[in-house]
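*Asks:* This is the structure, below, for whatever I ask next.
The values are calculated or read from the model by the stated rules, or taken from the named source; none is laboratory data. Because the structure is a prediction, the values reported are computed rather than measured. Cβ placement follows ideal geometry from the backbone for every residue including glycine, while neighbour counts extend to all protein chains displayed.
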Amino acid sequence: MAVHYLEFEKPIADLEAKIEELNLLSSTSGSFDAEVDGLRQKAEQLRRKTYASLDPWMKTQVARHPQRPHFVDYVEGLFTDFVELKGDRQFGDDQAILGGLARFRGAPVVLMGHEKGYDTQTRVVHNFGMARPEGYRKAVRLMDLAEQYGLPVLTFVDTAGAYPGLGAEERGQAEAIARSTERCLTLGVPSIATITGEGGSGGAIAIAAAGRVLMLEHSIYSVISPEGAAGILWRDGARARDAAMAMKITAPDLLELRIIDRIIPEPVGGAHADREAAIATVGDVLAEELKALSGMTPDQLRKARADRFYAIGRAS
C-alpha cells in the first residue's frame, strides 16, 4: 500500500523520498548506507516532533487518514470466530455499520462498528461509514441479543455522521438514532465504545453511549464536523480549521471534560504508521476495561453508566 502523506507531513515525505532515491542509487553507484541512516534518523526525529505538537485541525486530518485501521482490521486483528449478523428485520442491511458475534481472547462478545471502506468500490458499499436508519436498528438488534445472552458489547466508532439523505429521513433516521442511543444506555451488560477515527455527531453517539468510552490519541469526537460548524457560524466551510481549534474535539480536551474515560496511545506517526501495534494496544486496553467491568450486576452497570453521563458538564 502506497504511503499517503498529509499536508503537514510534507517535510517528512521529502526526507523519505530522498532515502528512497539513495536506496535506488546504491544498487548502481555504490553504498550510501551512512547517508541513508542519517536521513532515517532525521525523519524519525521530525516525525516525533511533529506528532508531539499536533493542533486540533492536524488531528482531524490524522483521524480521517485513509490508511488508519478500520473496523474490519480490528476484527481481523483482535477477534476470532467472527460471525456477521445482517439486517434490521424491518427494511434491509446497512453495510455502514457491521456487527455480529465473536470471541475476544477466548470469551464471547457482541461487537459492532462503522466501516468506511478503503477504495472507491468499498466506500460506496459501506456508504463512507455514514449509516442509515437500518444500520442503527441493526445495532439495537445486536444489543438486544447481547443482553439476552449476557455478552459484553464492544463498539468501534468511526463516522463523519449519520447519512443525511432523503430516504434515510423518510425511514426515520432521527428515531433510529434515538432508539440506538437509548439501548446503549439501558444495557445490563458491560459496554465499551472506542473512538478509532472520527466520532461525528449523533451518528457516533448512537453506538458510543457506553459504560466506558475510550478514544485513540489522534481521534476526534464532536457534535458536528469542523466544516459543518464553520458553515453555521461563519457561512464559510473553508474556515474549518478555525472551528476545529475552538471546538475542543481532541482526546485530551474530552478527557478533561469527562466526555471520555481514557486515551489510548498511538504509535509515533499515528495509528496508520504502525497498524499492527495500534490494534494490539487497543486490544490490551479493551481487556483491562472488560476486566474492570466484570462481576458487576446489571443494575450496577446501568447506574455506573448513568453516573458517568450525568457527570458530563458538572462543575468540579
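*Asks:* Being assigned to a loop (DSSP other than H, G, I, E, B), charged (D, E, K, R) and surrounded by 17 or more Cβ atoms within 10 Å (Cβ to Cβ), is that true of even one residue in the range 65-82?
*Replies:* Scanning the range 65-82, I find at least one residue that is assigned to a loop (DSSP other than H, G, I, E, B), charged (D, E, K, R) and surrounded by 17 or more Cβ atoms within 10 Å (Cβ to Cβ), so the answer is yes.
*Asks:* Please verify whether Ala292 is part of a helix (DSSP H, G or I) and touching a Phe, Trp or Tyr at 6+ places or on another chain (Cβ under 6 Å), treating the condition exactly as stated.
*Replies:* no
*Asks:* Just for the range 103-128: of the residues that are part of a loop (DSSP other than H, G, I, E, B) and not acidic (Asp, Glu), which one is nearest to Thr159 (Cα to Cα)?
*Replies:* Lys116
*Asks:* Would you say Gly117 is at pLDDT below 95 and either buried (at least 18 other Cβ atoms within 10 Å of the Cβ) or closer than 19 Å to Arg179 by Cβ (or both)?
*Replies:* Spelling it out, Gly117 is indeed at pLDDT below 95 and either buried (at least 18 other Cβ atoms within 10 Å of the Cβ) or closer than 19 Å to Arg179 by Cβ (or both).
*Asks:* OK, next. For the range 26-42, how many residues meet the condition of being surrounded by 11 or more Cβ atoms within 10 Å (Cβ to Cβ) and either at pLDDT below 70 or not in a helix (DSSP H, G or I) (or both)?
*Replies:* Number of matching residues: 4.
*Asks:* Here is a follow-up. How many residues, within the range 229-247, are more than 21 Å from Arg68 (Cβ to Cβ) and in contact (Cβ under 8 Å) with a residue 40 or more places away in the chain?
*Replies:* First, pick out the residues of the range 229-247 that are more than 21 Å from Arg68 (Cβ to Cβ): 229-239, 242-243, 245-246.
When the remaining residues are screened for being in contact (Cβ under 8 Å) with a residue 40 or more places away in the chain, the result is 245.
So the count comes out to 1.
*Asks:* Which condition does Gly197 not pass, out of (1) surrounded by 24 or more Cβ atoms within 10 Å (Cβ to Cβ); (2) over 29 Å from Val62 (Cα atoms); (3) touching a Leu at 6+ places or on another chain (Cβ under 9 Å), if it passes all the others?
*Replies:* Among (1) surrounded by 24 or more Cβ atoms within 10 Å (Cβ to Cβ); (2) over 29 Å from Val62 (Cα atoms); (3) touching a Leu at 6+ places or on another chain (Cβ under 9 Å), Gly197 violates only (2).
*Asks:* Please work out if Glu134 is charged (D, E, K, R), surrounded by 20 or more Cβ atoms within 10 Å (Cβ to Cβ), in the same structural domain as Val268 (by TED's automatic domain parsing) and more than 19 Å from the chain's Cα centre (by Cα).
*Replies:* So Glu134 passes the test.
*Asks:* Any idea which of Ala162, Ala131, Ala168, Ala176 is within 26 Å of Glu227 (Cα to Cα), assigned to a loop (DSSP other than H, G, I, E, B) and touching a Pro at 6+ places or on another chain (Cβ under 9 Å)?
*Replies:* It is Ala162.
*Asks:* Another question, then. Go through (1) in contact with a Lys or Arg (Cβ under 9 Å, 6 or more places away or on another chain); (2) modelled with pLDDT of 85 or more and name the single condition Glu16 misses.
*Replies:* In the conditions (1) in contact with a Lys or Arg (Cβ under 9 Å, 6 or more places away or on another chain); (2) modelled with pLDDT of 85 or more, Glu16 misses (2) alone.
*Asks:* Could you count how many residues in the range 78-120 are within 16 Å of Gly135 (Cα to Cα) and of a type in the set (Val, Ile, Thr)?
*Replies:* 2
*Asks:* Please work out which residue is nearest to the chain's Cα centre (by Cα), limiting yourself to the range 163-210 and to residues that are of a type in the set (A, V, I, L, M) and closer than 16 Å to Asn127 by Cα. Before the answer, list the steps.
*Replies:* Taking the range 163-210 and keeping what is of a type in the set (A, V, I, L, M), we get 166, 168, 174, 176-178, 185, 187, 189, 192-193, 195, 204-210.
In the following step, the residues that additionally are closer than 16 Å to Asn127 by Cα were identified as 166, 168, 204.
Details: Leu166: 26, Ala168: 23, Ala204: 9 Å.
Among those residues, the one meeting the criterion is Ala204.
*Asks:* Only one residue in Ile264, Ile259 is within 17 Å of Leu78 (Cβ to Cβ), touching a residue at least 12 places away in the same chain (Cβ under 8 Å) and buried (at least 17 other Cβ atoms within 10 Å of the Cβ). Which one? Walk me through it before giving the result.
*Replies:* Details: Ile259 fails: within 17 Å of Leu78 (Cβ to Cβ).
Every option except Ile264 fails the conditions.
*Asks:* Within 18 Å of Gly211 (Cα to Cα) and not in a strand (DSSP E or B): which single residue out of Asp94, Asp144 fits that description? Spell out the reasoning first.
*Replies:* Numbers: Asp94 fails: within 18 Å of Gly211 (Cα to Cα).
Of the residues listed, the single one that is within 18 Å of Gly211 (Cα to Cα) and not in a strand (DSSP E or B) is Asp144.
*Asks:* Would you mind finding the one in Gly295, Gly313, Gly283 that is free of Cβ contacts under 8 Å to residues at least 12 places away in the same chain and surrounded by fewer than 18 Cβ atoms within 10 Å (Cβ to Cβ)?
*Replies:* Gly295
*Asks:* Which ones in the range 247-293 are of a type in the set (S, T, N, Q) and within 13 Å of the chain's Cα centre (by Cα)? Quick ask: steps written out before the conclusion?
*Replies:* Within the range 247-293, the subset of a type in the set (S, T, N, Q) is 250, 281.
Across the range 247-293, the qualifying residue is only Thr250.
*Asks:* OK, next. Is it the case, given these coordinates, that Asp119 is over 27 Å from Leu293 (Cβ atoms) and touching a residue at least 24 places away in the same chain (Cβ under 8 Å)? Before the answer, list the steps.
*Replies:* Values: over 27 Å from Leu293 (Cβ atoms): yes; touching a residue at least 24 places away in the same chain (Cβ under 8 Å): no.
It is false that Asp119 is over 27 Å from Leu293 (Cβ atoms) and touching a residue at least 24 places away in the same chain (Cβ under 8 Å).
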